[in-house]
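Some notes on the structure that comes next.
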Amino acid sequence: MKFNIRNNILMLGAICMGMSSWGAAQSAENLDEVMKRRGLTQKDVLSAAKTFVPTGKRDEYLAFSSGGQSGHLIVYGIPSMRILKYVAVFTPEPWQGYGFDDESKAVLKQGQVHGKDILFGDTHHPAISETNGEYDGQYLFINDKNNPRMAVVDLSDFETKQIVVNPIMKSEHGGAFVTPNTDYIIEAAQYPAPFENEFVPLEQFNERYRGAVTYWKFNREHGRIEPENSFSVELPPYSQDLSDFGKGPSDGWSFTNTFCSERYVGGIERGRPPFEAGCSQKDTDFFHMINWKKVAELIKAGKGKIINGHPVLMMETAIKEGVMFLVPEPKSPHGMDVSPDGKFMIVSGKLDSHTYVFSFEKMMALIKNKDFAGKDAYGIPILDMKKSLHKQVQVGLGPLHTQYDSKKCVVYTSIYVDSQVTKWDYCEGKVLDKISIHYNVGHLMTMEGDSVKPQGKYLVSLNKLAIDRFNPVGPLHPQNHQLIDISGDKMELLYDMPLPLGEPHYAVAINASKLKPIVRYKSGWNSRADKRSEYRTRPGKERVERDGNRVRVFATTIRSHITPEIIEVTEGDVVTVHVTNLERAEDETHGFAISGTNVNLSLEPGKTSSATFTADRAGVFPYYCTEFCSALHLEMQGYLLVKPKGYKEVSVKATEGTIYAKADYDKQHKTNLDTQGVIDSVVGFITSHNYQDFKPVVALVEDATDQLNFAADARKKAEGFAVKSDWQNATLWAGQWWQYQVKAADIGLRAKTYLEQNGAKPVAKK
């Protein structure tokens, strides 16, 4: 086998020498002394032990939290509560180049509203894709409350791949929630508004303003929402809150809360009582019970009305076809949570002290027998509340959201006003335990708690206020997520976690074993479109193409240089830089930024990203790698030279900064040969074992081989100049030869270590 890569082992020698000078220091303190010095109790230490994940170990669960006004998604581990990543969704994010490269700009452009860039998002409710009601770890969906939009995040690389804009809503809250097989994603409006994009006076609120529920069709094969196969249902001008899809016996139905069923229109500046007064007068509101599978059939049969290019099943048709019903619920509700078996729906009222358990079986019997308590102002049949109920349980003041435990019939409800979490049995209707939190909890989550198989173990309380929990950092405090142990009969508070990015609203948690993210892209990959980029560039194919004032640069990055290192354009040129990261080693991300241009790319291994800008100012603009990638990271640089219009070339002979002689060349040449010996030893170890059985090592070998090939080419150039006694170029190319060797050695050492740690076996010599 030709392992030019193997030269990587050169670097191994350097690394090993550096590590040999390192010693391990042990603390003289024992545990008792540490506890005394820091004022820790035994309970503190036990809590710390339950959340501690030792170095090199990983969390059992990953949580995905909305980032609220940041427009992002936050990923952290449980039980460690370590933040792992921010996923950019609706707003630009420089570290990942989101909104700075052409590919991600194309995704954000999908989220334009009436042709206008919307660079703010209010992310609220994430939902993980499901198969047979269980989390499958393939996709995540999240809504934008402010601008009714839905985004698709691919969990193979944790990148946003699609944004769709709701064609009829003006705000939304009741999304995202998925069907048991992720056929559809639900999105419910929040504040009623006219469907048509026109002005309608508030005096026509009851006649022209409407709520809605949208069912977005998801194509799992392509990992994209299909707007053309999606539809909505018209609702009365009540404000929608949360939603959920049925499962098991209730599969095929969806459930959506409402508030302000009073249909009150405020106007405090006009002398009227404010919204909160008018929207909280009734003892009950309604939740909508919709047979969405039947609705899909009706839409397919052409019984919907096309509004803004989107099919909508109007209320009149929904009533006539018997696919929508109203069920009274506690006023100002928050939470619509279907039980794992699909038999019950749990709803809380923010202005009530009770949580209500509705029976799907009872409600369906009422519908079958047409046993209705009446109709609303729009003719929608109303089921009797008492006849629909299974249990009514007093859980505390200000109940909001409920999540399910792995233990049968056990649930947890957030209690906003009391700042507590209540554990209770919804089958028997009795409270089991309460725990105080800090402060004013909104949503909460258990591990996979809204799936058909909740895993219990931990609960996270998403608190709205932090107040005195952390070091003060000005008037704006972080949010506080508190980790609670629910494995025993009594809940136990374990950890306070500040979240300093927006107002996280809701979160979901999945067993980490279900996630299978990639660690590198296929070479030349457009990650946003999930296909090979037409602009990918292979080593040695770097070039600059000009067509009039349109310039395209096909560039590559690899430790530790950007090719080309000099780009020359003329003032006024429209320049697109296509950059391919040639690395195959895991975690060898490069960046690419040009001074004064707003160009900023994040280039994970294998990725191709592009940036387009106008060279509108003559001058010299350095570019460099923004991601620290190697010992010679700072040397990974180049120059964009923008010549003024009409510039006449001047012939100037460059002056070398340092002059090299034969002795310099001979010294470097000897170092390179010695380094090769180290590399050969590492290569020998790899090839003498079954490395091909380990995919990460195979990728490392590919990368190292590339580096060794580059080294061989540099060696040829160095020795060629030496034959001509051109010691300047000979020495410089010998130095580059060594750089490739070092990189190869680095990769080779990683591969060797991996094989040693993962049980590689020697292979018989052929």
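The values are calculated or read from the model by the stated rules, or taken from the named source; none is laboratory data. Predicted, not measured: the structure shown is a model, and the values here were computed from it. For neighbour counting, all protein chains shown are included, and Cβ atoms are generated from backbone atoms with ideal geometry for every residue, glycine included.
Can you name the condition, by its number, that Tyr495 falls short on among (1) crowded, with 19+ Cβ neighbours inside 10 Å; (2) in the same structural domain as Val431 (by TED's automatic domain parsing); (3) under 19 Å from the mean Cα position of the chain (by Cα)?
(3)
Being assigned to a strand (DSSP E or B) and in contact with a helix residue (DSSP H, G or I) (Cβ under 8 Å, 6 or more places away or on another chain) is the filter here; which residues of region 530-583 pass it?
Pass one, region 530-583, residues assigned to a strand (DSSP E or B): 531-532, 543-547, 550-558, 561-563, 566-570, 574-581.
Hits for region 530-583 are Ile558, His561, Thr576.
So, in region 94-119, exactly how many residues are touching a helix residue (DSSP H, G or I) at 6+ places or on another chain (Cβ under 9 Å) and in contact (Cβ under 8 Å) with a residue 12 or more places away in the chain? Full working, then the answer.
So in region 94-119, the residues touching a helix residue (DSSP H, G or I) at 6+ places or on another chain (Cβ under 9 Å) come out as 96-100, 104, 117-119.
Checking which are in contact (Cβ under 8 Å) with a residue 12 or more places away in the chain leaves us with 96-100, 104, 118-119.
Total satisfying the criteria: 8.
Which ones in region 268-304 are assigned to a loop (DSSP other than H, G, I, E, B) and touching a residue at least 24 places away in the same chain (Cβ under 8 Å)?
As a first pass, look at region 268-304 and keep what is assigned to a loop (DSSP other than H, G, I, E, B): 271-274, 279-283, 301-304.
Within region 268-304, Cys279, Ser280, Lys282, Asp283, Gly304 meet the criteria.
Please find, within region 101-150, the residue that is nearest to Asn526 (Cα to Cα) out of those that are among the polar types (S, T, N, Q) and part of a loop (DSSP other than H, G, I, E, B). Before the answer, list the steps.
Applying the first criterion (among the polar types (S, T, N, Q)) to region 101-150 yields 104, 110, 112, 123, 129, 131-132, 138, 143, 146-147.
So of that shortlist, the ones also part of a loop (DSSP other than H, G, I, E, B) come out as 112, 132, 146-147.
Working: Gln112: 22, Asn132: 31, Asn146: 29, Asn147: 27 Å.
The extreme case among them is Gln112.
Taking interchain pairs and intrachain pairs at least six residues apart, which have beta carbon atoms under 9 angstrom, with the first residue in region 384-401 and outside the structural domain of His354 (by TED's automatic domain parsing) and the second buried (at least 19 other Cβ atoms within 10 Å of the Cβ) and among the basic types (Lys, Arg)?
Between residues of region 384-401 that are outside the structural domain of His354 (by TED's automatic domain parsing) and residues that are buried (at least 19 other Cβ atoms within 10 Å of the Cβ) and among the basic types (Lys, Arg), there is no close pair.
Within region 179-191, is there a residue that is of a type in the set (Ser, Thr, Tyr) and in a strand (DSSP E or B)?
Filtering region 179-191 down to residues of a type in the set (Ser, Thr, Tyr) leaves 179, 182, 184, 191.
From what's left, in a strand (DSSP E or B): 184.
Yes, there is a match, as at least one residue in region 179-191 is of a type in the set (Ser, Thr, Tyr) and in a strand (DSSP E or B).
Take region 434-449 and flag every residue that is part of a loop (DSSP other than H, G, I, E, B) and closer than 18 Å to Ser348 by Cα.
Keep residues of region 434-449 that are part of a loop (DSSP other than H, G, I, E, B), which gives 437-440, 448-449.
Selection gives Asn440, Gly449.
Search region 35-61 for residues that are under 29 Å from Gln757 (Cα atoms) and pair each with any residue that is β-branched (Val, Ile, Thr) when their beta-carbon atoms are under 6 Å apart and the residues are at least 6 apart or on different chains.
Close Cβ pairs satisfying both conditions: Asp59/Val53; Asp59/Ile78; Tyr61/Ile78.
For region 328-369, which residues satisfy the criterion of being over 25 Å from Pro399 (Cα atoms) and touching a Gly at 6+ places or on another chain (Cβ under 9 Å)? Show your work before the answer.
Narrowing region 328-369 to residues over 25 Å from Pro399 (Cα atoms): 364-369.
The answer is Ile367, and nothing else.
Which one of the conditions (1) crowded, with 24+ Cβ neighbours inside 10 Å; (2) within 12 Å of the chain's Cα centre (by Cα); (3) not basic (Lys, Arg) does Glu172 fail to meet, given that it meets all the rest?
Of everything listed in (1) crowded, with 24+ Cβ neighbours inside 10 Å; (2) within 12 Å of the chain's Cα centre (by Cα); (3) not basic (Lys, Arg), Glu172 misses just condition (2).
Criterion first (closer than 28 Å to Lys423 by Cα, free of Cβ contacts under 8 Å to residues at least 60 places away in the same chain and assigned by TED's automatic domain parsing to the domain that holds Tyr412) does Pro504 satisfy it? Give the derivation first.
On the way: closer than 28 Å to Lys423 by Cα: yes; free of Cβ contacts under 8 Å to residues at least 60 places away in the same chain: no; assigned by TED's automatic domain parsing to the domain that holds Tyr412: yes.
The answer is no for Pro504.
Can you give me the number of residues within region 710-730 that are buried (at least 17 other Cβ atoms within 10 Å of the Cβ), within 26 Å of Thr557 (Cα to Cα) and in contact with a Lys or Arg (Cβ under 9 Å, 6 or more places away or on another chain)?
3
Among the candidates Glu627, Glu656, Glu649, which residue alone is under 34 Å from the mean Cα position of the chain (by Cα) and acidic (Asp, Glu)? Break it down stepwise before answering.
Details: Glu656 fails: under 34 Å from the mean Cα position of the chain (by Cα); Glu649 fails: under 34 Å from the mean Cα position of the chain (by Cα).
Glu627 is the lone residue from the list that is under 34 Å from the mean Cα position of the chain (by Cα) and acidic (Asp, Glu).
Can you tell me which residues in region 450-490 are in a loop (DSSP other than H, G, I, E, B) and either outside the structural domain of Glu503 (by TED's automatic domain parsing) or touching a Leu at 6+ places or on another chain (Cβ under 8 Å) (or both)?
Narrowing region 450-490 to residues in a loop (DSSP other than H, G, I, E, B): 450-455, 464-478, 486-490.
Matches in region 450-490: His477, Pro478, Ile486, Asp489.
Identify all residues within region 78-89 that are of a type in the set (A, V, I, L, M, F, W, C) and either surrounded by fewer than 20 Cβ atoms within 10 Å (Cβ to Cβ) or more than 11 Å from the chain's Cα centre (by Cα) (or both); write none if there are none.
If the condition is that a residue be of a type in the set (A, V, I, L, M, F, W, C) and either surrounded by fewer than 20 Cβ atoms within 10 Å (Cβ to Cβ) or more than 11 Å from the chain's Cα centre (by Cα) (or both), then Ile78, Met81, Ile83, Leu84 are the ones that fit.
With Gly374, Gly342 as the choices, which residue is at pLDDT 95 or above, on the phi > 0 side of the Ramachandran plot and out of contact with any strand residue (DSSP E or B) (no Cβ under 7 Å at 6 or more places or on another chain)?
Values: Gly374 fails: out of contact with any strand residue (DSSP E or B) (no Cβ under 7 Å at 6 or more places or on another chain).
That would be Gly342, the only listed residue that is at pLDDT 95 or above, on the phi > 0 side of the Ramachandran plot and out of contact with any strand residue (DSSP E or B) (no Cβ under 7 Å at 6 or more places or on another chain).
For region 397-428, how many residues are under 31 Å from the mean Cα position of the chain (by Cα) and assigned to a strand (DSSP E or B)?
16
For region 493-510, give me each residue that is assigned to a strand (DSSP E or B) and either in contact with a Leu (Cβ under 9 Å, 6 or more places away or on another chain) or within 20 Å of Ala127 (Cα to Cα) (or both).
Narrowing region 493-510 to residues assigned to a strand (DSSP E or B): 493-499, 507-510.
Result: Leu493, Leu494, Tyr495, Asp496, Met497, Leu499, Ala507, Val508, Ala509, Ile510.
Go through region 379-395 and give me each residue that's part of a loop (DSSP other than H, G, I, E, B) and surrounded by 16 or more Cβ atoms within 10 Å (Cβ to Cβ).
Pass one, region 379-395, residues part of a loop (DSSP other than H, G, I, E, B): 379-380, 384, 395.
Selection gives Ile380, Asp384, Val395.
Looking at region 219-241 only, could you name the residues that are more than 20 Å from Lys145 (Cβ to Cβ) and in a strand (DSSP E or B)?
We begin by selecting, within region 219-241, every residue more than 20 Å from Lys145 (Cβ to Cβ); these are 219-224, 226, 228-229, 231, 234, 236.
Asn219, Arg224, Glu226, Glu228, Asn229, Phe231, Glu234, listed by residue number.
When region 566-608 is examined, which residues are found to be in contact with a Ser or Thr (Cβ under 6 Å, 6 or more places away or on another chain) and over 30 Å from Asp703 (Cα atoms)?
Val574
Working only within region 309-321, note down all residues that are outside any helix (DSSP H, G or I) and without any contact (Cβ under 8 Å) to a residue 40 or more places away in the chain. If you could, list the steps in order and put the result at the bottom.
Taking region 309-321 first, the residues outside any helix (DSSP H, G or I) are 309-314, 321.
The one that is outside any helix (DSSP H, G or I) and without any contact (Cβ under 8 Å) to a residue 40 or more places away in the chain: Glu321.
Within region 431-449, identify whether any single residue is aliphatic (A, V, I, L, M), in the same structural domain as Leu351 (by TED's automatic domain parsing), touching a His at 6+ places or on another chain (Cβ under 8 Å) and in contact (Cβ under 8 Å) with a residue 24 or more places away in the chain, and answer yes or no. Explain how you work it out, then say what you get.
First, pick out the residues of region 431-449 that are aliphatic (A, V, I, L, M): 431-432, 435, 437, 441, 444-445, 447.
Among the residues that remain, those that are also in the same structural domain as Leu351 (by TED's automatic domain parsing) are: 431-432, 435, 437, 441, 444-445, 447.
Of the ones still in play, those that are also touching a His at 6+ places or on another chain (Cβ under 8 Å) are 444.
Imposing the further condition that a residue be in contact (Cβ under 8 Å) with a residue 24 or more places away in the chain reduces the set to 444.
Looking for residues that are aliphatic (A, V, I, L, M), in the same structural domain as Leu351 (by TED's automatic domain parsing), touching a His at 6+ places or on another chain (Cβ under 8 Å) and in contact (Cβ under 8 Å) with a residue 24 or more places away in the chain, one finds at least one in region 431-449, hence yes.
Would you pick out the residues in region 362-378 that are among the charged types (D, E, K, R), surrounded by 12 or more Cβ atoms within 10 Å (Cβ to Cβ) and free of Cβ contacts under 8 Å to residues at least 40 places away in the same chain?
Lys362, Asp371, Lys375
When region 97-106 is examined, which residues are found to be surrounded by 21 or more Cβ atoms within 10 Å (Cβ to Cβ) and either on the phi > 0 side of the Ramachandran plot or touching a Phe, Trp or Tyr at 6+ places or on another chain (Cβ under 8 Å) (or both)?
Scanning region 97-106 gives Gly97, Ser104.
Residue under question is Leu601, and the condition is that it be among the hydrophobic types (A, V, I, L, M, F, W, C), modelled with pLDDT under 95 and not in a loop (DSSP other than H, G, I, E, B); does it hold?
Values: among the hydrophobic types (A, V, I, L, M, F, W, C): yes; modelled with pLDDT under 95: no; not in a loop (DSSP other than H, G, I, E, B): yes.
Criteria not met by Leu601.
Give region 43-77 a look and list any residue that's buried (at least 18 other Cβ atoms within 10 Å of the Cβ), polar (S, T, N, Q) and over 14 Å from Gly502 (Cα atoms), or say none.
Ser47, Thr51 - these are the residues of region 43-77 that are buried (at least 18 other Cβ atoms within 10 Å of the Cβ), polar (S, T, N, Q) and over 14 Å from Gly502 (Cα atoms).
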